[in-house]
Ligand SMILES: [Fe+2]
Ligand SMILES: [Fe+2]
């Protein structure tokens, strides 16, 4: 019987049909998905912090409204994804507790500080840009609710990237000091952006199984290459350079060659030793704990409404 | 804690003339809050003109395992489809 279920599952995946919540699925598939989608959801939620840092200091009402809308979208992305994990039997509060206790991860990119307003532009352009590269293929991931969440998210991400690039174009047409600020932000965010695709394929332990299950559709190195190829002409148009002496067009491959990020730094940040790890988690924990009374009050209000209604029904009977 | 808030499934009508379509879920203490939260989470860009929220517990679903027997009654009723009927090609508007 188990074999038969397994076969049916394999057949569905191989035929490019989607696995849906009430389908039988191997435990490994379910657990991999919960881990990956939760990590993705946590990244969206923690990712609100580096940009939230600049909302109150945005240089104009226009930029402030844009930044607010973007950060609100990231909250929405987190919620779509938590919703997808719940179709697999996970519990949202449990996942939040795991995040603030450091038992589940989020993308290491959000452990870098946002030092100037140019960072708001570079994050939109490169960080959301890298996220889009990662996420577009996930619109075809084998688990239905995850794929559908990714479709919604990708639609919204294009605004994120474009507002960032436009912000940078505006700064680049300003003073020399503003142009320097943009280049400085690019220098700081380029390598961490490349790290967003994960370790090189040779060291990525989960890739093979995830590709077989069609959860993942491309390897880390394939997506990283694609991102570099897309970003180079955008940088040229903007008038900035990437801090990589090895970056050049390779006619033979039809792709850019580029250097490797500092993977020791990557693993250090993943392990919790990045500049902002402690701050990000402490902030998330505080928001969760400070919100407890609101959740309890709403619950008490709902319970009272129910008992009021019950009384009225009792009286009219 | 929010886990004691019930789970609500959210359905959105994209525009007049279309059915409500399932878009996802959320937690909320009551139906009114579920509706407000659904607006903020699922319709930030005019994706809908109407929202339904339904407690997930109140939904009864067929199971994919019983898919074949469950939908079998419609399988052998080919006469429910217009293509079942052979009409000469020179009969117009049919
Ligand atoms: Fe996002
Ligand atoms: Fe984004």
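Where a number appears in this text, it was derived from the coordinates with a stated rule and is not lab data. Quantities reported herein were computed from a predicted structural model and do not represent experimental measurements. We place every Cβ from the backbone using ideal geometry, glycine too, and count neighbours over all the protein chains shown.
Descriptive notes on the structure:
- For segment B:7-76: Kirkwood Rh in Å [reciprocal of mean 1/r, alpha carbons]: 13.6
- Backbone N atoms of segment B:14-31 closer than 18 Å to the 7 Å Cα→Cβ label point of residue B:44 belong to residues B:23-27.
- Taking Cα atoms only, the orientation of helix A:27-46 departs from the longest principal axis of chain A by about 70 degrees.
- Rounded FRET efficiency, nearest 0.05, which uses the C-beta distance separating residue A:260 from residue A:17 and R0 of 45 Å: 0.75
- Spin-label model, residue A:91 to residue A:275: label points 7 Å out along the Cα-to-beta-carbon direction sit 3.8 nm apart.
- Inter-chain Cβ neighbour average for residues B:44-57, partner chain, 10 Å: 1
- Estimated FRET transfer efficiency (residue A:178, residue B:32; beta-carbon r; R0 60 Å; 0.05): 0.80
- For a modelled paramagnetic label at residue A:187, 7 Å from Cα along Cα-to-Cβ, the residues of segment A:197-237 in reach, with backbone nitrogen under 20 Å, are A:232, A:235-237.
- Gyration tensor verdict on segment A:147-203 (Cα atoms; rounded if a/c is under 1.5, prolate if a/b is larger than b/c, oblate otherwise): oblate
- D (Stokes-Einstein, µm²/s), Kirkwood Cα radius, segment A:1-273, 1.306 mPa s at 10 °C: 80
- Once the Cβ-Cβ distance of residue A:268 and residue A:39 is raised to the sixth power relative to R0 = 25 Å, the FRET efficiency obtained is 0.85.
- Against chain A, whose longest principal axis is taken from its Cα atoms, helix A:61-86 shows a tilt of about 50°.
- Between residue B:84 and residue B:60, the simple label model (points 7 Å from Cα in the Cβ direction) yields a spacing of 2.8 nm.
- Residues B:93, A:255, A:40 in ascending order of nearby Cβ atoms (within 10 Å, fewest first): B:93, A:255, A:40.
- Axis angle, to the nearest 10 degrees, between helix A:277-290 and the longest C-alpha principal axis of chain A: 30 degrees.
- Full extension of the chain segment joining residue A:61 with residue A:202 gains 46.1 nm, where the gain is 0.36 nm per residue of separation less the Cα-Cα distance.
- Estimated distance in nm for a label pair at residue A:30 and residue A:303, the labels positioned 7 Å out from Cα along Cα-to-Cβ: 3.1
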